[in-house]
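Worksheet: one structure, shown below.
No value in this document is a laboratory result; all are computed from the given coordinates. What you are looking at is a predicted structure, and each value in this text was computed from that prediction instead of being measured. Note that we place each Cβ from the backbone using ideal geometry, even for glycine, and neighbour counts take in every protein chain shown.
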Ligand code: G3P
């Protein structure tokens, strides 16, 4: 399983990358706007420099016509060809743009997937990644994790190469359940990474070891 950070916050990406557990980053217009970034190109280049070589960075188009999606996608790709994966919406235009971009070897992450049928269409169009939004389904009383399981089962039946990104993750249990389901990737907010790392018994244990060591007067020199 791989973990991507779902953020456009440079300091979070720096911290996650330093731990060596981050294999990629997903951004979207809301995340970029939240950070107040004005220059998307500079941000993407900076992120690419922080991550391991060829780590995927999803960069989302905000255009709606196929020709504009393709043009934007190619421009994003030129910023960091080893890293950039173009994020396109799950609709007819997104599927068509996927095929056009594939001709130039540009990979697509199809976003805003809310059904297994959409995921089938994405895989048939040849997307490299599909992003089912499990948290947003949970928010409206549906079972987001069941969608992840369904998509994985269907993809296995036909040996589709599309990788499933469990997206819209809200808490650490989502990460565990996505891993148990066999999702290729979970893209998580930095807060969830911190929650995954922390355990009160670990903190208590570290403190106890330090206190006992001090009391003993022993040395490690
Ligand atoms: O990767 C998709 C993700 O950013 C959506 O998350 O929390 O806005 O539903 P959220």
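So here's what we get for this one:
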{"item": "Residue order, fewest to most beta carbons within 10 Å, for 72, 212", "result": "212, 72"}
{"item": "Relative counts (whole %) of C-alpha pair distances in the stretch 27-149, using bins that are 10 Å wide", "result": "14, 42, 34, 10, 0"}
{"item": "Neighbour-count ranking [beta-carbon atoms within 10 angstrom, fewest first] of 63, 78, 131, 216", "result": "216, 78, 63, 131"}
{"item": "Computed over the stretch 2-216: relative contact order in percent, which uses C-alpha pairs under 8 Å that are six or more apart", "result": "16 percent"}
{"item": "Least to most buried among 76, 209, 114 (fewest other Cβ within 10 Å first)", "result": "209, 114, 76"}
{"item": "Convex hull volume per residue in cubic angstrom - Cα atoms of the chain", "result": "153 Å³"}
{"item": "Long-range Cα-Cα pairs in the stretch 82-138 (distance over 12 Å), rounded percent", "result": "60 percent"}
{"item": "For the stretch 165-221, alpha-carbon Rg relative to the globular expectation (2.2 N^0.38 Å, N residues)", "result": "1.73"}
